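This report concerns only the one structure given below.
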Amino acid sequence: MISVLGVNCLTVTWTRPVEEQNHNVPPKNIVEEIFIKCANKYKGTVDAPRILGSARYQDIAE
C-alpha cells in the first residue's frame, strides 16, 4: 500500500490485524481512511488490485 500511495511509511492505527476488526468498520473502510489521511481518494476497482498485486501472498494468507 505504501508504494500505491507514494509515501515512505504509514502510521499503524490498529493493534489487531484489519481482518479481525470487522466491528462495524470493515477492512475497506480502514483502507479508505488511510488513503484519506494520505490525501488520496480510494477507488476499490483500481486501488485494490494494485495493493493486492504488490502484496506478498504470505502476508495475505496470515
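Laid out as a table, the results:
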{"item": "Count of residues meeting criterion [under 13 Å from MET1 (Cα atoms) and open to solvent by less than 90 Å² (accessible area, probe 1.4 Å)] in region 45-62", "result": "9"}
{"item": "Residue ID - modelled with the lowest pLDDT, chosen from residues in region 28-44 that are closer than 18 Å to SER3 by Cβ and basic (Lys, Arg)", "result": "LYS37"}
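The values are calculated or read from the model by the stated rules, or taken from the named source; none is laboratory data. This one's a predicted model, so the numbers in the text were calculated from it and none came from an experiment. Neighbour counts run over all protein chains shown; Cβ positions are idealised from the backbone, glycine included. Remember, those area values only see protein heavy atoms, side chains included, never the ligands or the DNA or RNA. Shrake-Rupley method; radii C 1.70, N 1.55, O 1.52, S 1.80 Å.
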